[in-house]
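The values are calculated or read from the model by the stated rules, or taken from the named source; none is laboratory data. Everything numeric here is computed off the predicted structure, so don't read it as measured data. Don't worry about glycine lacking a Cβ; one is built from the backbone with ideal geometry, like all the others, and counts go over all protein chains shown. Surface areas here come from the heavy atoms of the whole protein model, side chains and all, with no ligands, DNA or RNA. Shrake-Rupley method; radii C 1.70, N 1.55, O 1.52, S 1.80 Å.
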Amino acid sequence: MSKIKRITPIDFRGEYMPEMSDEFAILKTPIQIHDIAKTSGFIKVPTPLHRPEFNFIVHITKGKAKQQVDATTVSLNEGEILLVRQGNVTSLREVSADAAGYTILFEDSILNQLLSKQELIKLFSVNTVIQLPQESNVWLNTLFELLNVELYQTEPNLDICYSLFQAAMQKIFTSSKELNKNVNRSTEITFNFKELVYKHYLEQKTVLFYATQLAVSENYLHRCIKETIGESPKEWINKVSIMQSQLLLQDLTKSISEVAFELNYGDPSYFGRLFKKIVGMTPSDYRILITQDLSE
């Protein structure tokens, strides 16, 4: 069985920014930063759906953008921050010509090193977009400018980079009322459930598996997930799996039945019905849409 393709920062540059000048250095550090005003013009939008092998933050200080995160497309305006967790399926849908700010890419190892588990849960359990006060936006933009300068040194000091990034995270936490809320049991269960689904969606599609892994009953898991994200655990498992199928369908050499089997759906007809319910069109219609996008 083939694996869903994951996109590294270098892959993203090669596949979605083919006209990028060689003058822009390719960073290979666990944390990376890109000046939106200088790089967004090189990205052909909308980008194909992809599954990044990194977490990222987008901080918009001017203009606007739209990003698809799993099945939801969110608008990002001036003074807002977008948080995308590794494992999400995502696509940059739109970016205005006057957009400015920074995109910061970072590996899980950085998060585990700089943030506590409770802070991680808070960070990725809130709504995807966080609105920040103007003072915090100016402060963060100044800090990200310093991070940008340090990372593009010939030999960047990673300790300085990590300290700057940690300071940015703390500023985001202290500036957001939502991030200052206490983590309750339902929020913690939901965070851990999502992490497990991203790891096991190919092989495991039953609620019982995830409830067992979390050492809770199926009913309790259902109550927690429904309370926090408004969907049942089964609906979320199906949504993640179908979002991954959209990635596989971009490979036009695979038949729809092959995609269904790769995702462990034994009945391609059932897969087709589930796909239409979640995406709003059949796999065949989705593939036609992909073909049209590629030909433009």
Please report the carbon-and-sulfur percent of the accessible area for the stretch 200-279; probe 1.4 Å, protein heavy atoms only, DNA, RNA and ligands left out. 52 percent
Of Glu155, Glu218, Glu135, the one that fluctuates the most in a GNM where the chain has Cα springs shorter than 10 Å: Glu155
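Tell me the mean residue ellipticity at 222 nm calculated for the chain from its helices only (DSSP H runs of n ≥ 4, each -39500 (n - 2.57), averaged over every residue, nearest 500). Don't skip to the end; give the middle numbers.
Working: 13 runs with 148 residues, N = 296.
The helix-only estimate for the chain comes to -15500 deg cm²/dmol at 222 nm.
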Rank Phe42, Phe56, Phe106 by mean-square fluctuation in a GNM of the chain with C-alpha springs under 10 angstrom and give only the top-ranked residue. Phe42
Suppose each label sits 7 Å from its Cα in the direction of the beta carbon; what would the Arg185-Thr291 distance come out to in nanometres? 5.3 nm
Take the cross-link list Lys38/Lys66; Lys66/Lys194; Lys44/Lys194 and give me the ones stretching past 27 Å between alpha-carbons. Lys44/Lys194
Using a Gaussian network model on the chain with a 10 Å cutoff between Cα atoms, which of Asn192, Asn157, Asn148 fluctuates the most? Asn157
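Taking the mean number of other Cβ atoms within 10 Å as a proxy for protection, how do you rank 203-209, 234-240 from highest to lowest? All intermediate terms of the calculation are to be shown ahead of the outcome.
On the way: 203-209: 14.9, 234-240: 19.3.
So the peptides 203-209, 234-240, ranked by packing, come out 234-240, 203-209.
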How far apart, in nm, are the 7 Å Cα→Cβ label points at Glu258 and Gln153? 4.9 nm
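Can you tell me the FRET efficiency between Lys117 and Lys171 if r is taken as the Cβ-Cβ distance and R0 is 22 Å, rounded to the nearest 0.05?
Details: r = 20 Å, r/R0 = 0.92.
The value I calculate is 0.65.
Can you work out D for the stretch 71-213 in µm² s⁻¹ from Stokes-Einstein, where Rh is the Kirkwood radius over C-alpha pairs, the temperature is 20 °C and the viscosity is 1.002 mPa s?
Values: Rh = 17.1 Å.
D = 125 µm²/s.
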The stretch 189-204 residues near the modelled Glu235 label - backbone nitrogen below 17 Å, point 7 Å along Cα→Cβ: 190-191, 194
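Note the full-extension length gain between Gln131 and Lys276 as 0.36 nm times their separation in residues minus their Cα-Cα distance, in nm to one decimal. Please list the in-between numbers first.
Values: separation 145, 0.36 × 145 = 52.20 nm, distance 3.32 nm.
The span from Gln131 to Lys276 would gain 48.9 nm if fully extended.
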Between Thr39 and Tyr220, what is the FRET efficiency for a Förster distance of 35 Å, r being their Cβ-Cβ separation, to the nearest 0.05? 0.20
Sorted largest first, the Cα spans of the stretch 225-296 on the principal axes come out in Å as 43, 29, 16
With bins of 5 Å, the percent of all Cα-Cα pairs of the chain per bin from 0 is 1, 5, 11, 15, 17, 17, 14, 10, 7, 3, 0, 0
Starting from the 7 Å offset along Cα-to-Cβ, what nm value, one decimal, do you get for the label separation of Leu196 and Phe209? 1.1 nm
